[in-house]
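Have a look at the structure below before the remarks.
Taken together, the values in this text are just the output of simple stated rules run on the coordinates, not laboratory data. Model, not experiment: these values are computed from the prediction. Using ideal geometry, Cβ is built from the backbone for each residue, glycine included, and neighbour counts are taken over all protein chains shown.
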Amino acid sequence: MHTFVFSDLAGFTALTEAHGDETAADLAQTFCREVGDLVPAGRGEVVKQIGDAAMVRLDDARDAMRLGLGVVYDIGSRHGLPAIRVGMHTGTAVERDGDWFGAAVNIAARVAGQAIGGEVLLSEETRVAAGEQQEFRLYPRGRTAMRNVREPVLLHAIRRRGEMTSGGLEIDPVCLMAVDRSGAAGVLVHDGRDYLFCSLSCAQAFATAPERYAQGAAHGR
């Protein structure tokens with residue numbers, strides 16, 4: 001059995017629009033490299049990078065859960081990164097020329113697509129494969145129908161015990177990067193709420209269309 005983990009930058013489109021292709025591509029490369037640094041030596045592998053997403057295969061489901069939480073809490077909580085989402089599934093697959101194929105891979109990608117920024121989702125198969133443990137807190141998300149998957153998939157969200165958020169940083173409403181208040185390039189007030197910005201260009205964009213960006217931030221654009 002293998003556990004496949006997909007992680008990506010939930011605000012990548014907004015980031016590209018705000019800061020340009022080169023900056024976004026550099027950030028995606030850095031993100032995927034840092035995901036690889038968290039993979040336990042000899043117990044997993046980064047299979048490939050797909051744009052802003054990293055696909056990882058691990059031998060052990062519990063290692064996969066630790067990896068997913070590390071990606072969200074340790075990488076995703078830093079100033080200057082968009083929110084990160086992670087999904088995983090456990091099952092059989094076959095390897096061909098360094099890549100992996102099978103239903104387990106497809107379902108893992110679909111699970112990741114159900115996650116919101118800052119969330120780690122896993123299938124019931126991964127929960128069962130990890131066995132009983134006290135290291136994580138699980139939150140049921142119910143059964144979800146997924147494209148090209150015959151039966152709805154039972155999902156769970158996980159968090160580290162005692163850690164409820166991925167750092168609690170503010171989100172730049174233009175590019176969706178996490179912003180530490182002490183490192184913000186600017187602060188604007190709209191409808192009685194403070195909005196923090198990673199750069200003056202994002203602050204200027206917000207100033208020209210505050211309703212557009214405030215609404216997007218409220219809905220986790």
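Legend: translational diffusion of the chain by Stokes-Einstein, Rh = Kirkwood radius over C-alpha pairs, 20 °C, 1.002 mPa s; D = 119 µm²/s.
Between E95 and S201, what's the calculated FRET efficiency when r is the beta-carbon distance and R0 is 45 Å? Round to 0.05. FRET efficiency, E95 to S201: 0.55. Rg and Dmax of segment 170-218, both derived from C-alpha coordinates alone, stand at 9.3, 25 Å. Placing unit charges on the Cβ atoms of the charged side chains and taking the dipole of segment 77-207 about its Cα centre, the candidate lying farthest along the positive direction among G87, Y139, G117 is Y139.
Of the residues L188, L81, L196, which exhibits the maximal mean-square fluctuation in a Gaussian network model of the chain defined by a 10 Å Cα contact cut-off? Answer for the Gaussian network model of the chain: L188.
Assuming charge only on the beta carbon of Lys and Arg (+1) and of Asp and Glu (-1), the dipole of the chain about its Cα centre is about 660 debye to the nearest 20. Over segment 1-69, the fraction of Cα-Cα pairs per 5 Å bin, rounded to whole percents and listed from the shortest bin up, is 3, 18, 27, 20, 14, 9, 6, 2, 0.
In the chain, the calculated helix contribution to ellipticity at 222 nm averages -9500 deg cm²/dmol per residue, counting -39,500 (n - 2.57) for every DSSP H run with n ≥ 4. Distance between the C-alpha centres of segment 30-47 and segment 49-85: 9 Å, rounded to the whole angstrom. So if I place +1 on the C-beta of Lys and Arg and -1 on the C-beta of Asp and Glu, and nothing else carries charge, what would the dipole magnitude of segment 1-131 be about its Cα centre? I want it in debye, nearest 20. Taking the Cα centre of segment 1-131 as origin, the dipole is about 360 debye.
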